[in-house]
Amino acid sequence: MKRRAAVIGLGHQALEDHLPGLLASNRAELVAVCDNDPDTLRARQDMRHVPGFTRAADLLDNVAPDFGGPSSPRGTARSLAGPDEPDRTRSLRLVQA
């Protein structure tokens, strides 16, 4: 059974490491992407044919991935859900290399 994966942040690290790794895996499938830049998001979303979101919270509410790979500057992964959402009932298992 494949695990449902999401990538949050679509910069260099996502393009060079996270997305290629997920797409080559026989144990995971990419089900959504997220980036706060709408133009970047649209380009990557269309290329991968998956739903795209500008907020991680919206991704969690709509897609419910099994895990996610934050592609954000080191030390910022935990802030991706946003300060306005301290009582989130959904969570995402973050995987950071």
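The values are calculated or read from the model by the stated rules, or taken from the named source; none is laboratory data. Note that this is a predicted model, so its numbers are computed, not measured. Neighbour counts run over all protein chains shown; Cβ positions are idealised from the backbone, glycine included. What goes into the accessible areas is simple: the full protein's heavy atoms, side chains included, and nothing from ligands, DNA or RNA. Shrake-Rupley method; radii C 1.70, N 1.55, O 1.52, S 1.80 Å.
Within the stretch 2-15, count every residue that is open to solvent by 40 Å² or more (accessible area, probe 1.4 Å) and farther than 16 Å from A64 by Cα. The number of residues fulfilling the criteria is 3.
Looking across the stretch 41-52 at every residue that is over 14 Å from G69 (Cβ atoms) and at pLDDT below 90, the one that is most open to solvent (accessible area, probe 1.4 Å) is identified as H49.
Yes/no matrix, rows are residues, columns are (1) in contact with a Gly (Cβ under 7 Å, 6 or more places away or on another chain); (2) at pLDDT below 75; (3) open to solvent by 20 Å² or more (accessible area, probe 1.4 Å):
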position: D17; (1), (2), (3): no, no, yes
position: P38; (1), (2), (3): no, no, yes
position: L60; (1), (2), (3): no, no, no
position: P86; (1), (2), (3): no, yes, yes
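For the stretch 42-57, residues that are over 17 Å from H18 (Cα atoms) and of a type in the set (A, V, I, L, M) total 1. For V33, the conditions (1) farther than 14 Å from R4 by Cα; (2) touching a strand residue (DSSP E or B) at 6+ places or on another chain (Cβ under 7 Å); (3) at pLDDT 75 or above; (4) open to solvent by less than 60 Å² (accessible area, probe 1.4 Å) all hold with the exception of (1).
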